[in-house]
Amino acid sequence: MFLITTSIFFIYFGILFWYSNAIYYSKRLKNVTYNHNVSIIISAKNEEYNLPKLIKSLTNQSYPKNKYEIIIANDNSDDKTEELLNQYKKTHKNLRSINIDQTPIGWSSKKWALTKAIEASSSDIILQTDADCIPRNKWIESIVTCFDDANVNFVCGPSYLSHKESFLDKIFRMESLVQEAMNAGSLENNLVLSCTGRNIAFRKEHFNSINGYVGSEHIQSGDDDLLLQKFALKTNGRIQYSINPESLIESKAPINFSSFLKQRLRYASKGLYYFTIKTTLEFKTIIIFLYMINTLFLVLLFSFFHYGNFLYTLPIFFKIAADFLISFIFISKLNQYWSIRAFAVLSFLFPFYVTIIGLLGPLIKIGWKDK
């Protein structure tokens, strides 16, 4: 049994080595073009405190102002979101807003808001981010340049969680970047795993051709990864990951670990839907394999403490070494700081919360703004 377990972890190491190699040799697109008109889509619900930074970052983009528009869907906010949007529209001509007063029965409010914003857009290229995000100055051009390849119809970009300078912040940042590394490594090898709605882009014509979120419209989350899966299954184009420091987006981290767990429970709430709606075979295989790896990690850890046999640490070493390799290469590619302390803590914390949240997520209903 131990040999089988060790072999499984060795396979994990091999897969992540394969991913890491693809990330390391990935080439950044250097020829910046301004060939595309772009619509930036955001759903905002009670975001009065986040809107100023968001709008400042979006209106200060290097992309020509006459080539992009910003559409913010005010999702039934009861704070000063609408008032702020009306003020900003007076000084920023490429900023538009729509008010969502009611969500149809059977629809996630966020997906409905995004759908209406996309309908109101005038461009073929849609960039999507969240209201609590801060894109870099060259974000638009770094993502949109990927669409110079006519075969590309969906682009994923990197993002990380950040709140304030603290050790917890370093853990949040490391955790989000490690997840992005897995997504990037998969796509660099033409395997479609996941993405985050904080930083995605797609062609509007293909979004419309697959009926957008229809089929998963009732699921609270999944406006990102489930849409990605739908693109992978129903369109013939290529899906690309932009491993570029200029593509990086900073997102506001949860204020504490409890809020972080609630956020992750919301993400995991769609876990069962991965198998009841259409997703790619490699996606199903990878998430089952990753869940098994993290569960076995805990079994080995407890076995080591119970029996005191150091052999149990050999498979654990394979996993930590693989995680180190892919995270270090990916984070270095993005010119970000790699924290050895945060990585060490996360290496042992991650399997616990993945296993627990993976079990509880589908059983606990947490809405979009339940933080």
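The values are calculated or read from the model by the stated rules, or taken from the named source; none is laboratory data. Remember, predicted model here, so these are calculated numbers, not experimental data. Methodologically, a virtual Cβ is constructed for each residue, glycine included, from the backbone with ideal geometry; neighbour enumeration extends over all protein chains shown.
Those residues that are modelled with pLDDT of 95 or more and charged (D, E, K, R), I need them from region 1-44; list them, please. Those that are modelled with pLDDT of 95 or more and charged (D, E, K, R): none in region 1-44.
Condition first: farther than 17 Å from E180 by Cα and touching a His at 6+ places or on another chain (Cβ under 6 Å). Can you find one or more residues in region 224-231 that meet it? No, region 224-231 contains no residue that is farther than 17 Å from E180 by Cα and touching a His at 6+ places or on another chain (Cβ under 6 Å).
Each row is one residue, and each column tells you yes or no for (1) in contact with a Leu (Cβ under 8 Å, 6 or more places away or on another chain); (2) farther than 21 Å from E141 by Cα.
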| position | (1), (2) |
| --- | --- |
| P245 | yes, no |
| P254 | yes, yes |
| I277 | yes, yes |
| I288 | no, yes |
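Could you tell me whether any residue of region 227-241 is touching a Ser or Thr at 6+ places or on another chain (Cβ under 7 Å) and farther than 25 Å from T145 by Cβ? Within region 227-241, one or more residues are touching a Ser or Thr at 6+ places or on another chain (Cβ under 7 Å) and farther than 25 Å from T145 by Cβ.
Only residues that are modelled with pLDDT under 95 and of a type in the set (D, E, K, R): list them for region 94-109, please. D101, the sole residue that qualifies.
The residues on offer are E250, E282, E175, E205, and the sole one that is part of a helix (DSSP H, G or I) and within 27 Å of R136 (Cβ to Cβ) is E175.
Every residue, every condition in (1) touching a residue at least 60 places away in the same chain (Cβ under 8 Å); (2) surrounded by fewer than 16 Cβ atoms within 10 Å (Cβ to Cβ); (3) farther than 29 Å from K27 by Cα, yes or no:
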| position | (1), (2), (3) |
| --- | --- |
| F302 | no, yes, yes |
| L311 | yes, yes, yes |
| F317 | no, yes, yes |
| I326 | yes, no, no |
| K333 | yes, no, no |
| F343 | yes, no, no |
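Search region 12-30 for residues being surrounded by fewer than 13 Cβ atoms within 10 Å (Cβ to Cβ) and not hydroxyl-bearing (S, T, Y), and hand back the single one that is farthest from A184 (Cα to Cα). Result: K30.
Residues are listed down the side, and each one gets a yes or a no for (1) over 30 Å from H218 (Cα atoms); (2) touching a residue at least 12 places away in the same chain (Cβ under 8 Å); (3) of a type outside the set (D, E, K, R):
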{"residue": "N21", "(1), (2), (3)": "yes, no, yes"}
{"residue": "K30", "(1), (2), (3)": "yes, no, no"}
{"residue": "I40", "(1), (2), (3)": "no, yes, yes"}
{"residue": "K45", "(1), (2), (3)": "no, yes, no"}
{"residue": "Y49", "(1), (2), (3)": "no, no, yes"}
{"residue": "K65", "(1), (2), (3)": "yes, yes, no"}
{"residue": "W107", "(1), (2), (3)": "no, yes, yes"}
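Out of everything in region 257-279 that is assigned to a loop (DSSP other than H, G, I, E, B) and at pLDDT 75 or above, what residue ends up being nearest to F154 (Cα to Cα)? The residue in question is T279. Could you please find all residues in region 345-371 being modelled with pLDDT of 80 or more and surrounded by 15 or more Cβ atoms within 10 Å (Cβ to Cβ)? Scanning region 345-371 gives V345, L346, S347, F350, P351, Y353, V354, T355, I356, I357.
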